[in-house]
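Everything on this sheet refers to the single structure shown next.
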């Protein structure tokens, strides 16, 4: 766990600065190395969609190990074994998809934290330097672990107040496309009324002293989101940015 990187990201957020990151969907750890070289604050390795396996995830984590780039992993679903394994191999935190209730969120938090605050099992893996630094890792994880829920459904939006109020909620990310689908607008990035709904939810989150994240689609969108108060900004996916660049020349 890269405590210095986590502290730096939180310091920027506390100062109302935007923190920029990349969604990793492709196998090559060179992508993570490039993200680190560009000075991105964070990356999310996407283990929900696509075909990244445990080896791919580990190699991406390894590529950023000596950097100030926070490495998060988006898991496929809330599962004790998956959360434990992601943290054991050295992720700095987890992005939890499809959080719809405070019970969902509390369950994910419990799986990620060691007793007495959770039920995470003990493992002598990469995160603990194969057991040689277990006590230090437990202390670091308790203080620094970053857990981020994604609100991406109408149900999740309706329960936002309880999710905001849960212990260890510091950043909430939004998934406009899935939120739109749950509202009957499948295939649209932001269906009718969804942008306004997400903005209203964002206002509640900011009023509670928390931070919000979302994917941005252009420089203009970046400026717009910053003005709205979003601070954790994903500049896109690796594959999406590659496609956009290629198509811009054709």
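None of the figures in this text is laboratory data; all of them are computed from the coordinates on show. Since this is a predicted model, take the numbers as computed values, not measurements. Here the Cβ positions follow ideal geometry from the backbone for every residue, glycine too, while neighbour counts run over all protein chains shown.
Miscellaneous remarks
- Gyration tensor (alpha-carbon) shape descriptor, the chain, a/c threshold 1.5: oblate
- Estimated FRET transfer efficiency when R0 is 22 angstrom, pair residue 227-residue 188 (beta carbons, to 0.05): 0.45
- Residue order for 24, 94, 160, 198, fewest other beta carbons within 10 angstrom first, comes to 160, 198, 94, 24.
- Each of 243, 145, 8 was scored by other Cβ atoms within 10 Å of its Cβ. Listed from fewest to most, they are 243, 8, 145.
- Inter-site label distance for residue 143 and residue 220 at 7 Å from Cα along Cβ, in nm: 4.6
- Rounded to the nearest 0.05, the FRET efficiency derived from the C-beta distance between residue 80 and residue 17 at R0 = 41 Å is 0.75.
- For the chain, calculated [θ]222 nm from helices alone, where every DSSP H run of n ≥ 4 adds -39500 (n - 2.57): -13000 deg cm²/dmol
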